[in-house]
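Quick notes on the structure that follows.
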Amino acid sequence: MTAAPTPSNSVSPTQTQTVSIALDQRGYDIVIGSGLLDAPSSWLGLPRAAAAVIVTNDTVAPLYLQRLRTQLLAHYPRVDAVLLPDGEQYKDWATLNRVFDHLLASASDRKTVLFALGGGVIGDMTGFAAAIYMRGVPFVQVPTTLLAQVDSSVGGKTAINHPLGKNMLGAFYQPVRVIADLDTLDTLPARELSAGLAEVIKYGPIADAAFLDWLELNLDALLARDKAALAYAVKRCCEIKAWVVGQDEREQGLRAILNFGHTFGHAIETGLGYGAWLHGEAVGCGMVMASDLSVRLGLMPAEFLPRMQRLIARAGLPVVGPDLGAERYLELMRVDKKSEGGAIRFVLIEGLGRAGLHAAPDELVAEVLASHCGVSA
Ligand code: NAD
Ligand code: GLY
């Protein structure tokens, strides 16, 4: 894999930054900065329609819905809101149907623009609703968690969960714009900020060794929600993701690297029941296990594992996984979307800033589980 493009110089928090996703007619801008929710320029030039429908949840709505609605009323004759219950456990068909119930009951036509106001759960569900309502309507991502700003709102993966597997029902469907207002992170609970840092950290080992160094130096500033540090991290993550998605939108190869830590992580989420661990927590712990596997397979030197463990723990994330039993972990991981013919394939680090897909013997995986989840090998 060639190296990700080098970052531009440090970012002022008040300066609006734009990262573009280059996908021809489906390309779009990710706009990052402070004060964007209330800035009329954020909402100019979007597709015109008789109605805009904001999909959000009952936690985010009291914080930001009215402000977004006020801006959108300058552009759309009708602006509705659909409030979903909050939580990963509601990322399912029954809850998604509430969006369709509203769209159909309000006779929303195929030009209706959906706005996803919230974290990754709302973004993934709204994107999937937009992909299949009347075979596709435009949607805008307005991510309000760190995780959503650095990852889920970008790149067009949309999905809901199935009881047997995480994000198993979905579509690739790109938004028409992403508006990432850094000020919305002020109200994010600390545990959610940490969860977002898991996805931030992943970009270092998979694509940018210098970003990993930067994170080690600036993690405390990120935890303290320093706006300049957040602005730089969100922009750098979006640059890397844009570079990956621009080459491999539908995950035929390269895009899988964005799943570092996710094979173990999704097993934790599904195995414990959705919502027990946050997605970012499961990914953080999964990155510890995937780092260990990278070392055990001889792809990385031994010191890589403690380096990752330290950073992930400093971010406030768990580094010890739940004991689901080795067999159950393996069973859950075989359902992973990267598996082929029942063979699990892990994203492993092949050198700092470089990753690829690898198979591993079950016995070695069991040793990793024994080391980090206390399961008997
Ligand atoms: P989330 O959407 O559940 O949001 C986390 C919590 O923060 C929720 O309780 C939410 O209501 C609350 N919240 C959101 N914004 C807030 C704010 N500004 N202030 C206060 N509270 C706020 O979780 P998440 O971590 O944002 O996203 C996780 C989801 O994203 C998972 O379902 C995961 O599968 C998905 N994901 C998708 C992709 C992708 O490429 N599509 C990538 C990574 C993760
Ligand atoms: N979050 C993984 C991806 O977008 O491919």
For the range 168-265, compute Rh as the Kirkwood radius over C-alpha pairs and then the Stokes-Einstein diffusion coefficient at 25 °C and 0.890 mPa s; write the answer in µm²/s, rounded to an integer. 166 µm²/s
Please name which of Thr18, His266, Ala210 has its Cα lying farthest along the dipole of the chain towards the positive end, using unit charges on Cβ (Lys, Arg +1; Asp, Glu -1) and the Cα centre as origin. Thr18
For the range 299-377, which GluC sites (Glu not before Pro) are both in a DSSP coil and crowded by at most 10 other Cβ atoms within 10 Å? Glu303
Surface accessible to a 1.4 Å probe, Thr70 within the full protein complex, Å²: 80 Å²
Magnitude of the Cβ-charge dipole (Lys and Arg +1, Asp and Glu -1) of the range 298-377 about the Cα centre, nearest 20 debye, reported as 420 debye
Which of the listed residues, Leu164, Ser376, Tyr232, is farthest toward the dipole's positive end in the chain, when Lys, Arg count +1 and Asp, Glu count -1 at the beta-carbon? Tyr232
Relative pair counts by distance (%), Cα atoms of the chain, 10 Å bins: 5, 26, 34, 24, 9, 2, 0
FRET efficiency (Leu330, Gln25; Cβ distance; R0 45 Å; to 0.05) is 0.60
How many angstrom lie between the Cα centre of the range 153-186 and the Cα centre of the range 248-270? 14 Å
Given the Cα-Cα distance of Arg135 and Ala370 and 0.36 nm per residue of separation, how much length would full extension add, in nm? 80.0 nm
Taking the Cα centre of the chain as origin and charging only Cβ (+1 Lys, Arg; -1 Asp, Glu), how large is the dipole, in debye to the nearest 20? 920 debye
Under the rule of at least 5 residues apart or a separate chain, name every residue whose amide H is placed under 5 Å from the amide H of Asn167. Asn161, His162
Is it possible to state the helix-based mean residue ellipticity at 222 nm for the chain, with each DSSP H run of 4+ residues giving -39500 (n - 2.57), the sum divided by total residues, to the nearest 500 deg cm²/dmol? What is it? -12500 deg cm²/dmol
So what J values fall out for the range 57-73 if you push phi through Karplus, 6.51 cos²θ - 1.76 cosθ + 1.60 with θ = phi - 60°, rounded to Hz, Gly and Pro as x? 10, 6, 8, 7, 3, x, 7, 9, 4, 4, 5, 5, 4, 4, 5, 6, 5
Helices from the chain with mean Kyte-Doolittle at least 1.6 and a Cα length along the axis of 24 Å or more, per DSSP H: which? none
If you place +1 on the Cβ of every Lys and Arg, -1 on the Cβ of every Asp and Glu, and leave all else neutral, what size is the dipole of the range 77-213 about its Cα centre, to the nearest 20 Debye? 580 debye
Sort Val55, Val121 by accessible area with a 1.4 Å probe, largest first. Val121, Val55
Can you compute the FRET efficiency between His162 and Ala105 using 1/(1 + (r/R0)^6), with r the Cβ-Cβ distance and R0 = 25 Å? Round to the nearest 0.05. 0.40
Cα-based Rg and Dmax for the range 272-352, in Å, come out at 13.3, 38
If R₀ is 35 angstrom, what is the calculated FRET efficiency for the pair Arg67 and Gln252, using the beta carbon separation as r and rounding to 0.05? 0.30
Segment Arg225-Arg314, extension gain: residue separation times 0.36 nm, minus the distance between their alpha carbons: 30.6 nm
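The values are calculated or read from the model by the stated rules, or taken from the named source; none is laboratory data. From a predicted model like this one, the values you see are computed outputs, not experimental measurements. Heads up, the Cβs are rebuilt from the backbone with ideal geometry, glycines too, and the neighbour counts pull from every protein chain shown. For accessibility, only protein heavy atoms count, side chains too; no ligands or nucleic acids. Shrake-Rupley method; radii C 1.70, N 1.55, O 1.52, S 1.80 Å.
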